Amino acid sequence: MLLQASKTADGPSVAIVGVTGAVGQEFLRVLKERDFPYSRMKLLASARSAGSMVEWDGETHTIEELTDGSFGGVDIALFSAGGSISKKFAPLAAEAGCTVVDNSSAFRMSEGVPLVIPEVNPEAMAGMRAGRGGIVANPNCSTIIALMAVTPLHRASRIKRMVVSTYQAASGAGQAAMDELELQTREALDGRPITQNIFPFQYAFNLFSHNSPMTGNGYNEEEMKMVKETRKIWGEPDIAITATCIRVPVMRAHAESINLEFEDSLSEEQALEALAAAPGVSIINDREANRFPTPLDASNRDDVYVGRVRRDISRPGNSGLDLFVCGDQIKKGAALNAVQVAELLL
Ligand SMILES: NC(=O)c1ccc[n+]([C@@H]2O[C@H](COP(=O)([O-])OP(=O)(O)OC[C@H]3O[C@@H](n4cnc5c(N)ncnc54)[C@H](OP(=O)(O)O)[C@@H]3O)[C@@H](O)[C@H]2O)c1
């Protein structure tokens, strides 16, 4: 792995919007790890952070306040400051000729905005280039992690129906949520009253239905994102998907239990073969040792980890399969995926 980002006069001018957040900080690490070329790096956040100094790639950078005029001369902007900020500023940036990679849900389902996982559907952003304007959306973290594991299987044998149950980490809700889990854990162990600011329930030593708003059909928004985004990414508007999303007191990296029903069949061996050949996927599937992926295996790692690959005994023959998947949602679920998208713009 290369350790220096490449400051070069030929590189694009890059901006990070929301650089002080959980995803923003990961952008800085991933850009450096991947030797991303840049001529200028502009770090943007709210007025609260403006003027703060950040050491990155051997230089001191000053964080600037995000304003309407932030994007003049910027070729690529990586956005991770929430949906309302993206809604307001991403179109302004795109109009100024900046190509935006947006981590929020603001534009994911918009007509004409590609929703891209580079290992799955890079063709969706064909023709887009740095400095030419436009918006590319990063899918929801749970969708990315599921589709990294499931797409190679879908390509090997068409999936008819997918049932997903998630076990989602605090980091998916940002830095403040991680701080709350740590504080509550200390408070609970010390027998002190629990401080509750971010989530509607005690998080330490507990779990609860995902905190995103409920929709009219009894699913919450996180669950419906998995359904709608998968259909858009695969270009299969009718594929059957259902999801149950749960927050668990894990600091970083989501886990997902996935049940698949195939139109035809896929054996355990064929599934493992397809997964072994898939870029960005690692297998931990040692039945004898009862060793399968954990969120800690996936934390701070680029790959999505897959295991517990087994025939669904409730279905005839090899027409059903179960698997367990873990992925770092700040990395592959957010910053890494966005930087890979940005690489396709070069
Ligand atoms: N965490 C994940 O795993 C994950 C995964 C996929 C997508 N996302 C999406 O990425 C976005 C950020 O998530 P996060 O987890 O990194 O959140 P976070 O840790 O709460 O960070 C939020 C960032 O937004 C900035 N911000 C807030 N208000 C702003 C304003 N008015 N102008 C400019 N910047 C502003 C904050 O800057 P200040 O420090 O100055 O307030 C901070 O840098 C969200 O849209 C989230 O849905 C997150």
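Coordinate-derived values only; no laboratory data. These numbers come from a predicted model, not from an experiment. Glycine also receives a Cβ, built like all others from the backbone with ideal geometry; neighbour counts cover every protein chain displayed.
Descriptive notes on the structure:
- For the chain, the number of Lys pairs with C-alpha atoms closer than 21 Å, counting only pairs eight or more positions apart or on separate chains, is 18.
- The residue list Ala278, Asn290, Ala253 was ranked by how far each Cα lies along the charge dipole of the range 226-346 toward its positive end, using unit charges on Cβ atoms, and Ala253 comes out on top.
- Dipole magnitude (debye, nearest 20) for the chain, charges at Cβ of Lys, Arg, Asp, Glu: 320 debye
- Antiparallel DSSP beta bridges within the range 6-137, as percent of all bridges there, nearest 5: 15 percent
- In the distance distribution for the range 1-74, Cα-Cα pairs more than 15 Å apart total 53 percent.
- Over the chain - Rg/Rh using Cα atoms and the Kirkwood inverse-distance radius: 0.97
- Kirkwood-based shape ratio for the range 51-151, expressed as Rg/Rh from alpha carbons: 1.01
- Helix-only mean residue ellipticity at 222 nm for the chain, each DSSP H run of n ≥ 4 adding -39500 (n - 2.57), per residue, nearest 500: -8500 deg cm²/dmol
- For the range 37-51, backbone phi angles converted through the Karplus equation (6.51, -1.76, 1.60; θ = phi - 60°) give residue-by-residue couplings of x, 8, 9, 8, 10, 10, 9, 10, 7, 7, 4, 4, 9, 4, x Hz, Gly and Pro being listed as x.
- With both residues required to sit in the chain, DSSP beta bridges show an antiparallel share near 50%.
- Total charge dipole magnitude, the range 6-137, about the Cα centre, Cβ charges on Lys, Arg, Asp, Glu only, Debye to nearest 20: 160 debye
- GNM top mover of Asp190, Asp238, Asp102 - the chain, alpha-carbon springs below 10 Å: Asp190
- Within the chain, longest stretch clear of exposed chymotrypsin sites (Phe, Trp or Tyr not before Pro) (DSSP loop, no more than 15 other Cβ within 10 Å): 1-200
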